[in-house]
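To start, the structure itself, in structure tokens.
The values are calculated or read from the model by the stated rules, or taken from the named source; none is laboratory data. Because the structure is predicted, anything quoted here is derived from the model rather than measured. Note: ideal-geometry Cβ built from the backbone for every residue, glycine included; neighbour counts use all protein chains shown.
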């Protein structure tokens, strides 16, 4: 079958933002129901095992490649790191998307890299259109 140039572009294109939003904001919540946050958190931790990083400095590159947005470290304390995630600001402002998969991924990576039990909680800021990811450990 010979493809015309326009057809070839369509077949080579990756997922669209609209397709991603359909899956993330409508299908997953519908399937997971009231357990969405917990399941996505543990799915994020599982992703950390499947796609291990060697150091936490690699996390921003992973987030970018995964289409999760830009990740930057805001502060570093004795028992916590605060990251700022800048995904699509309109999605954050709507307040319907859950960011626990991203939080679980960070917690899983930190735990694997540093050998310390860790947890991460997302705090969406709807006004600014960003998400604070607060990673804490024992």
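Being in a loop (DSSP other than H, G, I, E, B) and touching a helix residue (DSSP H, G or I) at 6+ places or on another chain (Cβ under 7 Å) is the filter; apply it to segment 90-115 and report the residue that is nearest to residue 39 (Cα to Cα). Among them, the one singled out is 98. Applying the condition of being assigned to a strand (DSSP E or B) and free of Cβ contacts under 8 Å to residues at least 24 places away in the same chain to segment 66-79 and asking which residue is nearest to residue 97 (Cα to Cα) yields 70. You will find that of 112, 9, 94, the residue that is modelled with pLDDT under 95, surrounded by 12 or more Cβ atoms within 10 Å (Cβ to Cβ) and more than 16 Å from the chain's Cα centre (by Cα) is 94 and no other.
Remark: pairs (first residue in segment 119-138, on the phi > 0 side of the Ramachandran plot and in contact (Cβ under 8 Å) with a residue 12 or more places away in the chain; second residue outside any strand (DSSP E or B) and surrounded by 17 or more Cβ atoms within 10 Å (Cβ to Cβ); Cβ separation under 6 Å; 6+ apart in sequence or on different chains) = 129/92.
Quick check: anything in segment 34-56 touching a strand residue (DSSP E or B) at 6+ places or on another chain (Cβ under 8 Å) and over 20 Å from residue 18 (Cα atoms)?
Quick first cut of segment 34-56, residues touching a strand residue (DSSP E or B) at 6+ places or on another chain (Cβ under 8 Å) only: 56.
Pick out the ones that are also over 20 Å from residue 18 (Cα atoms) and you get 56.
Checked segment 34-56: at least one residue is touching a strand residue (DSSP E or B) at 6+ places or on another chain (Cβ under 8 Å) and over 20 Å from residue 18 (Cα atoms).
Is there a residue being assigned to a helix (DSSP H, G or I), more than 13 Å from residue 124 (Cα to Cα) and modelled with pLDDT under 95 anywhere in segment 80-89? No, there is no match, as no residue in segment 80-89 is assigned to a helix (DSSP H, G or I), more than 13 Å from residue 124 (Cα to Cα) and modelled with pLDDT under 95.
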